[in-house]
Amino acid sequence: MATSTFRNKNEVRPKKQGAAKRARIKAQKKRLIALGVPAEVVDTLQADKLRAFLKYPKQTQAAFAAK
C-alpha cells in the first residue's frame with residue numbers, strides 16, 4: 001500500500017453501505033408500527049421523519065392513539 005493512501009484516513013476508512021441503511025430504516029418502521037402508527041402512514045414517511053417520530057416515542061404514541 002502506498003504511503004499516500006495509508007496516511008489519508010478518508011480513503012482507507014470503511015464507507016457506509018446502502019444495505020445497512022435500508023436495514024436500519026426497516027427496523028425503524030417496525031418500531032413505529034409497534035408504537036401504534038398505522039402501516040399506511042409509516043410507508044409514506046421519509047427517513048428523517050421516521051427518526052423524528054422515534055425521538056419522542058411517548059408523544060408519537062399519544063398522537064396516533066387519539067386518531
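The values are calculated or read from the model by the stated rules, or taken from the named source; none is laboratory data. Bear in mind that the values here come from a model prediction, so they are computed numbers and not experimental data. In this analysis, Cβ positions are derived from the backbone assuming ideal geometry, glycine residues included, and neighbour counts consider all displayed protein chains.
The residues in region 37-56 that are more than 10 Å from the chain's Cα centre (by Cα), touching a residue at least 24 places away in the same chain (Cβ under 8 Å) and surrounded by 14 or more Cβ atoms within 10 Å (Cβ to Cβ) can be counted, and the count is 1. For region 28-36, the count of residues that are over 16 Å from the mean Cα position of the chain (by Cα) and of a type in the set (Val, Ile, Thr) is zero.
One residue is enough: does region 14-35 have a residue meeting the conditions touching a Lys or Arg at 6+ places or on another chain (Cβ under 6 Å) and either part of a helix (DSSP H, G or I) or among the hydrophobic types (A, V, I, L, M, F, W, C) (or both)? No, region 14-35 contains no residue that is touching a Lys or Arg at 6+ places or on another chain (Cβ under 6 Å) and either part of a helix (DSSP H, G or I) or among the hydrophobic types (A, V, I, L, M, F, W, C) (or both). Applying a threshold of 6 Å to beta carbon distances and a minimum spacing of six or more residues, or different chains, the list of pairs starting in region 1-17 at a residue that is surrounded by 10 or more Cβ atoms within 10 Å (Cβ to Cβ) and ending at one that is charged (D, E, K, R) and at pLDDT 65 or above reads 5/11.
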